[in-house]
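Below is one structure, written out as C-alpha cells; comments come after it.
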Amino acid sequence: VGHVLPDPRHAGATASRMGLVEQLHAAGSGPVLAPDVERFAETLRAVPDVDVVVNTEGTVHHGAGDAYARCVRLAKEDGRHVRVTNAVLQGLTEGQVRDLAFADVIEVRETGSLRECRKVGLEATLVPDSIHAATWAKPTHYTRRLDGCVVIGCGHEHVVGRTFERLHERIPGSARYTMTEAAPEWRHLVPNLRRCRLYVTGRYHALLACWIAGCPVVVLNGANTSKLHDQLETVGSRCRVYELDEALAAVEAGVSAAWAEWCRADAARWLAAT
C-alpha cells in the first residue's frame, strides 16, 4: 500500500517505495500493486487473492497516518494476510490502535515505537529499516564531486529555515546537498556521500544513508528529531541530536576521530541487524 513512483521531493521516500517493490519481486511475489490509500477498498475488490503489505514508512505517528492504519483494517476484514512494515508508531490515537490491531504482523523500525506498541497492547517486532539498507547497499557510481567537503543537508525547510545559510556562513568550503536535491539521483546518494568529510542533517533517511556510506554525520534537531533520537537509541549510539548552535560549534571544532569511530560503530550495528 503506497505509491511506487519516485518522489521528486525526497530521496529517502523514493528509496523506500522502490526498494520495497524490488524486495517483493526478488522474493517471488509476482505483480506488486501500490494503490493510493484512498482507493484501497476499490483495489482490494479487483484483486481477490493477494496478501497486503502496508509500508507505513514512518507515517503513522502523533495523530498522522489514519489512512494507512485504516487500510490494515479493511484488508483484514476482506480476509487478507496483512503485514505492517518499516513502521514508526508513536502517539497513536485510539482509532489507529483499533485499526492496527487487525494486522497479522507489525514490524517497527526503532525502539520508541516498540515501547509505544507495548503500552497500547499491540504485538510488534523490532526490525531495523532493511528496505533502505538493501536498496542503498547496491553498488552504483557517484554523480556529485563532494570530495573532502563538509556537506550540509539540513532538514525540512519550513522548520529549519535559515539553518543552511547559517551553517554555510560559518563553515568555509561547505557544500549543500539535501535529500530533495538528491531525489532525482536517489540510487547514487550513498556513493556521493562516501566522498564527504562530514554530513550535517536533520533527516532520518540521510542518517541511514551516511551509515551505509561510512560518512561521519552530525545529527541536527529539526522536524525529524523523535525519529532520529529513537534511531540512535536503537543502535546504542554514543552520538546524539544537536541543537543548531551546538552543531555549529561541533563542526567548527572538527569532528574527532572518536566521533567518526562512533558513527562507524552505529553503522555496523544497524547493518548487522538488518
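Values as computed for the structure displayed
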quantity	calculated
For the range 147-274, radius of gyration divided by Kirkwood radius, i.e. Rg to Rh on alpha-carbons	0.92
Spatial extent of the chain: Rg and Dmax, with the Cα atoms as the point set, Å	19.0, 60
Val217 long-range amide H proximity, modeled H, under 5 Å	Tyr199
For Val60, residues with placed amide H under 5 Å, excluding near neighbours	Val88
Mean-position separation - Cα centroids, the range 167-185 and the range 189-210, in angstrom	10 Å
Kyte-Doolittle mean at least -1.0, axial Cα span of 20 Å or more - DSSP H helices of the chain	11-26, 257-273
Reduced Cα scattering model of the range 49-172, Debye log10 I(q)/I(0), q = 0.21, 0.22 Å⁻¹	-1.10, -1.16
Other-chain or far-sequence residues with amide H under 5 Å of Ile106's (modelled H)	Val84, Thr125
10 Å-binned pair-distance histogram of the range 32-121 (Cα, whole percent)	18, 55, 23, 4
Accessible surface of the range 73-198, 1.4 Å probe, proportion on carbon and sulfur as whole %	49 percent
Heavy-atom surface of the range 88-198, accessible at 1.4 Å and reported per residue (Å²)	47 Å²
Principal axis box of the range 204-266, alpha-carbon based, largest edge first, Å	27, 24, 18
Phi-based couplings in Hz for the range 181-197 (Karplus 6.51, -1.76, 1.60; Gly and Pro marked x)	5, 7, 4, x, 10, 4, 5, 9, 4, 5, x, 5, 6, 4, 8, 7, 7
Computed accessible area, His10, all protein chains, 1.4 angstrom probe, square angstrom	20 Å²
Pair-distance profile P(r), taking every C-alpha pair of the range 112-157, with 5 angstrom steps and integer %	5, 13, 11, 12, 19, 14, 10, 8, 6, 3
Under Karplus coefficients 6.51, -1.76 and 1.60, residue-wise ³J(HN,Hα) of the range 81-91 in Hz, glycine/proline x	7, 10, 10, 9, 10, 6, 8, 10, 10, 9, x
Cut-off of 10 Å, at most 13 other beta carbons, DSSP loop: longest stretch of the chain lacking such GluC sites (Glu not before Pro)	1-122
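The values are calculated or read from the model by the stated rules, or taken from the named source; none is laboratory data. Every value quoted in this text rests on a predicted model; they were computed, and no experiment measured them. So basically every Cβ, Gly included, is an ideal-geometry build from the backbone, and we count neighbours across all protein chains shown. All accessible areas refer to the heavy atoms of the entire protein, side chains included, with ligands and DNA or RNA removed. Shrake-Rupley method; radii C 1.70, N 1.55, O 1.52, S 1.80 Å.
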